[in-house]
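The values are calculated or read from the model by the stated rules, or taken from the named source; none is laboratory data. These numbers come from a predicted model, not from an experiment. Because the Cβ atoms are built from the backbone with ideal geometry, glycine has one as well, and the counts that use them run over all protein chains shown.
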Amino acid sequence: MCEDLEDFSTVAGPLGVLRELQRVWEELQTVRRLGLQPPVIIELSEISRDTSERFNHWDSPAIAVVRHERGVGMRAAAQAPAELATNLHFLSARPYYPELYPPGLFGYGSGLIWEPGYRFRAAQGGSGNVQVLDQAMLNQLAQSAPNIPQGEKAAGPRVAVLDTGVSGANTQMIDFLRCDVSSPKVVNPDDQHGHGTAVAQIIEAVPNNSVIHPIRALDVDPAGYASGRSYEVLSALLYALYSDSYDLINASFTTSVSSSCDSSLGNTIDYLVAYRRAHRLPGPMLVAAAGNDYGAASGYPANVAGSVVALANTSSGPATYNSTPPMSAITCWAYGGSDTHPLGDLTGRSPSGPTGEAAKLWGTSFAAAVVSGAYLP
């Protein structure tokens, strides 16, 4: 994210505050100076009649997308909130409710969290494929599941798989790709990549009563890997956390973290989780992949307080590729394979398909799927 390569930023906060931001947008000098496009609020209330009421109140948490030239995001995230904190029209029109703003996340000036755009990526080696996991491998993965006491399991069997989609799922899929252009929508389940389908197969292979709910927030990048824009993943995560539709969220993806980025990367996710806790709202468990960065600090969402972080074992012990989660993290271990002993290999499956290292399927993505399966009743 610190390279500031994306052409968008995200702005998070209460829905009413974001609407006030839209109202005063043209008054801001930062907008003209940096060439910022008007914020587009992601409309979560239109996804389902059953959940719309949760996302259309003044104080409902929401996310907006601001488009701009590449290389502008970090300046926008610094300058726009500072100017808003002195804009009398914005401040006078915005009711002051301190309880909406969990302490330590942002000042009460603008009441919004700005982040430069960045990417989430699947926590895997190799590209996904619907047919890659045979029954013997699924059995091996299921046998590696940790033993979770009944009292610590999720409240129910509904699992939101935030991923590339799930082919053959028995429930409809919610699609968040390009949700700033076209609102998130309910569609028939499919998976143009395969990572999400593999994750779902592993969750179901662990003995449980799981009901898979696919939420597409990752797409196929030019190299054949699964990745998603931060506004797509953040909007999907917001819906999964607050819709009261799921008992567990499987997040088999991660972000890159470097020391110069730690202070800014992940503030939006922290806000979404802290907001729920501050209001004592029930919500699903979050199981996140530790990441595959060979001892480097885990990125988000594995850094979210209270999440369960999945680390990978191999046939010879703990995987050397595991990232390092926070000291306070709740951790669980499961089989994830390795580049020398992958869960599957896609070489030769299609003339234009991946070969070599990109064809090998392994990583904490799949350990997370096993752990999610273990936490489901």
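For segment 242-260, the set of residues classified as buried (at least 18 other Cβ atoms within 10 Å of the Cβ) and either under 25 Å from A145 (Cβ atoms) or modelled with pLDDT under 80 (or both) consists of S245, Y246, D247, L248, I249, N250, A251, S252, F253, T254, S256, V257, listed by residue number. Sub-9 Å Cβ pairs linking a first residue in segment 103-126 that is at positive phi to a second residue that is modelled with pLDDT under 70 and of a type in the set (D, E, K, R), at least 6 apart or interchain, are G111/R94; G126/D345; G126/E357, ordered by first then second residue.
To keep it simple, each residue is scored yes or no on (1) in contact with a Ser or Thr (Cβ under 9 Å, 6 or more places away or on another chain); (2) among the charged types (D, E, K, R); (3) within 27 Å of K153 (Cβ to Cβ); (4) in the same structural domain as R158 (by TED's automatic domain parsing).
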| position | (1), (2), (3), (4) |
| --- | --- |
| V273 | yes, no, yes, yes |
| R280 | no, yes, yes, yes |
| A288 | yes, no, yes, yes |
| V304 | no, no, yes, yes |
| A312 | yes, no, yes, yes |
| M327 | no, no, yes, yes |
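Counting the residues of segment 162-194 that are closer than 27 Å to V11 by Cβ, surrounded by 15 or more Cβ atoms within 10 Å (Cβ to Cβ), touching a Ser or Thr at 6+ places or on another chain (Cβ under 9 Å) and hydrophobic (A, V, I, L, M, F, W, C) gives 4. Determine whether L162 is at pLDDT 95 or above and not assigned by TED's automatic domain parsing to the domain that holds R70. Yes: the conditions hold for L162. Among the residues of segment 197-205, is any closer than 30 Å to E53 by Cβ, buried (at least 22 other Cβ atoms within 10 Å of the Cβ) and not small (G, A, S)? The answer is yes; a qualifying residue exists. Among the residues of segment 21-35, is there at least one that is under 20 Å from R229 (Cα atoms), crowded, with 17+ Cβ neighbours inside 10 Å and in the same structural domain as L88 (by TED's automatic domain parsing)? No - not one qualifying residue is present in segment 21-35.
Tell me, which residue of segment 211-229 that is modelled with pLDDT of 95 or more and touching a Ser or Thr at 6+ places or on another chain (Cβ under 8 Å) is farthest from S365 (Cα to Cα)? Here the residue is V211.
Can you report the number of residues in segment 23-54 which are touching a residue at least 40 places away in the same chain (Cβ under 8 Å) and under 16 Å from D180 (Cβ atoms)? Result for segment 23-54: 7.
Candidates V159, V186, V181: the one that is of a type in the set (V, I, T), more than 17 Å from the chain's Cα centre (by Cα) and either part of a strand (DSSP E or B) or on the phi > 0 side of the Ramachandran plot (or both) is V186. Of the listed requirements (1) under 27 Å from R49 (Cα atoms); (2) free of Cβ contacts under 8 Å to residues at least 24 places away in the same chain, I215 misses just one: (2).
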